[in-house]
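Participant: Here it is: the structure, laid out below.
Here, each number is a calculation from the coordinates, and none is a lab measurement. All of these numbers come straight from a predicted model, not from anything done at the bench. Quick reminder, even Gly has a Cβ in these numbers, built from the backbone with ideal geometry, and neighbours come from all protein chains shown.
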Amino acid sequence: MTGTEERPRMSIFKSAGHIYAQVINDIQGNTIVSASTLDKEFTDTGKKGGNKEAAITIGKIVAKRALDKGVTKVVFDRNGFLYHGRVKALSDGAREAGLQF
């Protein structure tokens, strides 16, 4: 799975305590935007990082940042994680904020 300029790849990673998302253009080899539960924007909310609510919030944050950069459509790369729980919550949050995939 690769991301292009027209449709970059949104890759996620989750650990027990945090979740990370980044939108990547694989052709140019650069990260367009990223968000995680370690970002100041998230930590200022006072929420914990290892639950579905945090994943929804990170999905919304990364979608907002991507839309600000002009990215509206992405390819969703779940990095081998099963599509349920926090992974599904992150994708739902990103879709709710306007990102298409």
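Participant: Which of the peptides 82-91, 67-76, 37-46 is most tightly packed, and how do the rest follow, going by the mean number of other Cβ atoms within 10 Å of each residue?
Facilitator: Result, highest mean first: 82-91, 67-76, 37-46.
Participant: In whole angstrom, note down how far apart the Cα centers of region 4-23 and region 50-101 are.
Facilitator: So the separation of the two Cα centres works out to 8 Å.
Participant: So what's the back-of-envelope 222 nm ellipticity for the chain, counting only DSSP H runs of four-plus at -39500 (n - 2.57) apiece and dividing by all residues, rounded to 500?
Facilitator: Calculated at 222 nm, the ellipticity per residue is -9500 deg cm²/dmol.
Participant: Per residue of region 86-93, what does 6.51 cos²θ - 1.76 cosθ + 1.60 with θ = phi - 60° give for ³J(HN,Hα)? Whole Hz please, x for Gly and Pro, Karplus curve as stated.
Facilitator: Karplus values, whole Hz, x for Gly and Pro: 5, 5, 5, 4, 4, 5, 5, x.
Participant: What net charge do the residues around residue 25 carry, taking every other residue with its C-beta under 10 Å from that of residue 25, with Lys and Arg at +1 and Asp and Glu at -1?
Facilitator: -1
Participant: If you don't mind, another one. What number comes out for the charge environment of residue 7, summing +1 per Lys or Arg and -1 per Asp or Glu over other residues with Cβ under 13 Å away?
Facilitator: Around residue 7, the surrounding residues sum to -2.
Participant: Net charge near residue 72, counting Lys/Arg +1 and Asp/Glu -1 over other residues with Cβ under 13 Å of its Cβ?
Facilitator: With Lys, Arg at +1 and Asp, Glu at -1, the net is +3.
Participant: Each residue of region 31-44 in turn: what ³J(HN,Hα) in whole Hz from Karplus with 6.51, -1.76, 1.60 and θ = phi - 60°, glycine and Pro shown as x?
Facilitator: Values, residue by residue: 8, 7, 9, 8, 7, 7, 6, 8, 5, 4, 4, 7, 5, 5 Hz.
Participant: Before anything else, pin down the relative contact order of the chain: Cα pairs under 8 Å, at least 6 apart, normalised by residue count, whole percent.
Facilitator: With pairs under 8 Å counted, the relative contact order is 30 percent.
Participant: For Kirkwood radius over Cα pairs in Å, which listed value, (i) 14.2; (ii) 13.6; (iii) 13.1, comes from the coordinates shown?
Facilitator: Recomputing Kirkwood radius over Cα pairs in Å here picks out (iii).
Participant: Ok, one more. State the antiparallel share, in %, of DSSP beta bridges confined to the chain, rounding to the nearest 5.
Facilitator: In the chain, DSSP labels about 75 percent of beta bridges as antiparallel.
Participant: Right, something else. Given the options 35, 72, 54, identify the residue whose Cα lies farthest towards the positive end of the charge dipole of the chain (+1 on Cβ of Lys, Arg; -1 on Cβ of Asp, Glu).
Facilitator: 54
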